[in-house]
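Input: a single structure, listed below in structure tokens.
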Amino acid sequence: MKIRVNRDVLAEAVAWAARVLPSRPVVPVLSGLLLEAGEELTLSAFDYDVSARAAIDADVAEEGSVLIPGRLLAEISRSLPADDVEIVTEGPEAVLTCGSAEFGLVTMPVEDFPTLPAMPPVVGAVGGGVFASAVGQVAPAASRDDTLPMLTGIRVDIDGESVAMAATDRYRIAARDFTWRPAAPDVSVSAMVPARVLVEVAKSLRGGEVAVAMGDGVAGFESVGRSTTVRLLDEQFIDYRARLTSDWSIRADLAVGPFVNAIKRVALVAERNTAIRLSFTQGQVLIQAGGGDVGRGTEVVPCELRGDDIQIAFQSQFLLDGLVGIEGELARLNMESPTRPALIQDVPGDAQPAFRYLVMSLRQT
């Protein structure tokens, strides 16, 4: 194999593919990036659960393939001088040259690298901005604890032109609905996709549309020459929609920016896992935290309250995760009592808000 490629293009593609490389591979070849040179240069990584493939333009003098230690290649490629990169295979080495820098990287047997799963059938497509926004709103509610795999995923329900995403870690539920362009008008699919994979896909989007594919226990996402596949989790999930509907007796509308900033300031004196206390009265909310060995903080923010005065407490980061998901200027907190969960949403017009975030309140001492 002999190729020449732009340094920045190579570094970006290597970094993108290398993100799925396992930190502790079960077999050595899974630590490698597979480079295949044909009409273009394709870089692939696979850990048996998640695969990543990126295709980039390159001048291919000799076609071929080589398996190179991925993390090392990522470190080298981002540190190279601003010049074209030439990669040539010579016996057991891949010689990488850029300007006056030269590296001889020991390769691994290509034949031992597992075959990447095929991309399942495409079920629809959505704009990259909408997709990234939806994932960003829902993913914070997914659990990081692998002991209950169901809680580490994002539930995706597809019904024709409608898509619903939801996640929960038992202390909050985040849900987002959006419309998209289905591959068939009657498409109906439900799946549990690992949240960490959807987050990585959303981070790497460079514009355009995201094609979503599902089938045979695998989900696939493809956008602008890059594709990711992931093994799906068990489909079991809670009936989250029923928990997001209620006759809320109290609601408070607030400007998101000032409310978020005030919570962040007051939370500076809150000890770990202690509550942020919100006291809603007509025209304002008093935000309080601390009072222990560190100190205390208070701040008042204007709000429009409908219903009785209420004092309610939340874990500060859980509250912020819901508020930063609001895309408009105003957020609405729907409440019933100090001991019941609260629902955060955009201030709705005539339509049902696309984003909803239910968060447990904390017992106040």
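Just to be sure before I move on: is S133 under 24 Å from R241 (Cβ atoms), surrounded by 16 or more Cβ atoms within 10 Å (Cβ to Cβ) and in contact (Cβ under 8 Å) with a residue 60 or more places away in the chain in the structure I sent?
Details: under 24 Å from R241 (Cβ atoms): yes; surrounded by 16 or more Cβ atoms within 10 Å (Cβ to Cβ): yes; in contact (Cβ under 8 Å) with a residue 60 or more places away in the chain: yes.
Yes; evaluated as a whole, the condition is true for this residue.
Taking the stretch 79-106, which residues are surrounded by fewer than 18 Cβ atoms within 10 Å (Cβ to Cβ) and either under 30 Å from G217 (Cα atoms) or of a type in the set (S, T, N, Q) (or both)?
If the condition is that a residue be surrounded by fewer than 18 Cβ atoms within 10 Å (Cβ to Cβ) and either under 30 Å from G217 (Cα atoms) or of a type in the set (S, T, N, Q) (or both), then S79, T97, S100 are the ones that fit.
Rundown of residues vs (1) among the charged types (D, E, K, R); (2) surrounded by 13 or more Cβ atoms within 10 Å (Cβ to Cβ), yes/no style:
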site: A202; (1), (2): no, yes
site: A211; (1), (2): no, yes
site: D216; (1), (2): yes, no
site: R226; (1), (2): yes, yes
site: V230; (1), (2): no, yes
site: Q236; (1), (2): no, no
site: Y240; (1), (2): no, yes
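Which fully enclosed strands (runs of 3 or more DSSP E) of the stretch 132-226 have 1 or more residues being under 29 Å from T42 (Cβ atoms) and under 16 Å from the mean Cα position of the chain (by Cα)? Write out each step before concluding.
Numbers: elements: 153-159, 162-168, 172-179, 188-194, 209-215, 218-223.
Fully inside the stretch 132-226 and qualifying: 153-159, 188-194, 209-215, 218-223.
Please list, ordered by residue number, the strands (runs of 3 or more DSSP E) wholly in the stretch 8-78 having 1 or more residues that are open to solvent by less than 10 Å² (accessible area, probe 1.4 Å). Before you say what the answer is, go through the steps one by one.
Numbers: elements: 32-37, 41-46, 50-56, 59-62, 64-69.
The strands (runs of 3 or more DSSP E) meeting that bar are 32-37, 41-46, 50-56, 64-69.
For the stretch 115-124, which positions are outside any loop (DSSP other than H, G, I, E, B) and open to solvent by 10 Å² or more (accessible area, probe 1.4 Å)? Walk me through it before giving the result.
Looking only at the stretch 115-124, we keep the residues that are outside any loop (DSSP other than H, G, I, E, B), and these are 122-124.
If the condition is that a residue be outside any loop (DSSP other than H, G, I, E, B) and open to solvent by 10 Å² or more (accessible area, probe 1.4 Å), then V122, V123 are the ones that fit.
What's the number of the only condition in (1) without any contact (Cβ under 8 Å) to a residue 40 or more places away in the chain; (2) touching a strand residue (DSSP E or B) at 6+ places or on another chain (Cβ under 7 Å); (3) among the β-branched types (V, I, T) that T339 fails to meet?
Of everything listed in (1) without any contact (Cβ under 8 Å) to a residue 40 or more places away in the chain; (2) touching a strand residue (DSSP E or B) at 6+ places or on another chain (Cβ under 7 Å); (3) among the β-branched types (V, I, T), T339 misses just condition (2).
Filter the stretch 262-273 down to the residues that are farther than 11 Å from I287 by Cα and part of a helix (DSSP H, G or I), then identify the one that is most open to solvent (accessible area, probe 1.4 Å). Walk me through how you get there before you give the answer.
Step one: filter the stretch 262-273 for residues farther than 11 Å from I287 by Cα, giving 268-273.
Narrowing further to those that are part of a helix (DSSP H, G or I): 268-269.
Values: L268: 139, V269: 33 Å².
Across the stretch 262-273, the extreme among qualifying residues is L268.
Given (1) open to solvent by 30 Å² or more (accessible area, probe 1.4 Å); (2) in contact (Cβ under 8 Å) with a residue 12 or more places away in the chain, identify the lone condition not met by D247.
Here D247 meets the rest and fails (2).
Could you check the stretch 157-190 and list, in sequence order, the residues that are crowded, with 19+ Cβ neighbours inside 10 Å and under 16 Å from R356 (Cβ atoms)? Before you say what the answer is, go through the steps one by one.
Restricting attention to the stretch 157-190, the residues satisfying the condition of being crowded, with 19+ Cβ neighbours inside 10 Å are 158, 163-168, 172-176, 180, 182.
The answer is V163, A164, M165, A166, A167, T168, R172, I173, A174, A175, R176.
Would you mention how many residues in the stretch 277-296 are within 26 Å of T168 (Cβ to Cβ) and either loosely packed, with under 14 Cβ neighbours inside 10 Å or of a type in the set (S, T, N, Q) (or both)?
Going through the stretch 277-296 one residue at a time, the tally reaches 0.
Does S279 qualify as being in contact with a strand residue (DSSP E or B) (Cβ under 9 Å, 6 or more places away or on another chain), within 30 Å of A52 (Cα to Cα) and among the polar types (S, T, N, Q)? Steps first, please.
Numbers: in contact with a strand residue (DSSP E or B) (Cβ under 9 Å, 6 or more places away or on another chain): yes; within 30 Å of A52 (Cα to Cα): no; among the polar types (S, T, N, Q): yes.
No: the conditions fail for S279.
What pairs come up if the first residue lies in the stretch 254-266 and is within 11 Å of I326 (Cα to Cα), the second is open to solvent by 10 Å² or more (accessible area, probe 1.4 Å), and their beta carbons are under 6 Å apart, counting only those six or more places apart or on different chains?
Final answer for the pair search is V256/I326.
Determine, yes or no, whether A142 is crowded, with 21+ Cβ neighbours inside 10 Å, farther than 30 Å from D8 by Cβ, of a type in the set (A, V, I, L, M) and touching an Asp or Glu at 6+ places or on another chain (Cβ under 8 Å). Break it down stepwise before answering.
Details: crowded, with 21+ Cβ neighbours inside 10 Å: yes; farther than 30 Å from D8 by Cβ: yes; of a type in the set (A, V, I, L, M): yes; touching an Asp or Glu at 6+ places or on another chain (Cβ under 8 Å): yes.
It is true that A142 is crowded, with 21+ Cβ neighbours inside 10 Å, farther than 30 Å from D8 by Cβ, of a type in the set (A, V, I, L, M) and touching an Asp or Glu at 6+ places or on another chain (Cβ under 8 Å).
Residues in the stretch 333-350: is at least one in a helix (DSSP H, G or I) and in contact with a Phe, Trp or Tyr (Cβ under 8 Å, 6 or more places away or on another chain)?
No, because not a single residue in the stretch 333-350 is in a helix (DSSP H, G or I) and in contact with a Phe, Trp or Tyr (Cβ under 8 Å, 6 or more places away or on another chain).
To keep it simple, each residue is scored yes or no on (1) among the hydrophobic types (A, V, I, L, M, F, W, C); (2) more than 30 Å from Q345 (Cα to Cα); (3) without any contact (Cβ under 8 Å) to a residue 40 or more places away in the chain; (4) touching a helix residue (DSSP H, G or I) at 6+ places or on another chain (Cβ under 8 Å).
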site	(1), (2), (3), (4)
V88	yes, yes, no, no
T107	no, yes, no, no
L116	yes, yes, no, no
G127	no, no, no, no
A139	yes, no, no, yes
G153	no, no, no, yes
Y171	no, no, no, yes
W180	yes, no, no, yes
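With D293, D346, D309 as the choices, which residue is more than 25 Å from I154 (Cβ to Cβ) and either in contact with a Cys (Cβ under 8 Å, 6 or more places away or on another chain) or at pLDDT below 95 (or both)? Before you say what the answer is, go through the steps one by one.
Working: D346 fails: more than 25 Å from I154 (Cβ to Cβ); D309 fails: either in contact with a Cys (Cβ under 8 Å, 6 or more places away or on another chain) or at pLDDT below 95 (or both).
Among D293, D346, D309, only D293 is more than 25 Å from I154 (Cβ to Cβ) and either in contact with a Cys (Cβ under 8 Å, 6 or more places away or on another chain) or at pLDDT below 95 (or both).
For the subset of the stretch 297-350 comprising residues that are open to solvent by 30 Å² or more (accessible area, probe 1.4 Å), hydrophobic (A, V, I, L, M, F, W, C) and within 20 Å of R265 (Cα to Cα), which member is nearest to the chain's Cα centre (by Cα)?
V324
The values are calculated or read from the model by the stated rules, or taken from the named source; none is laboratory data. Quick caveat, the model's predicted, so the values are computed rather than measured. Reconstructed Cβ throughout: ideal geometry from the backbone, glycine too, with neighbour counts over all protein chains shown. For accessibility, only protein heavy atoms count, side chains too; no ligands or nucleic acids. Shrake-Rupley method; radii C 1.70, N 1.55, O 1.52, S 1.80 Å.
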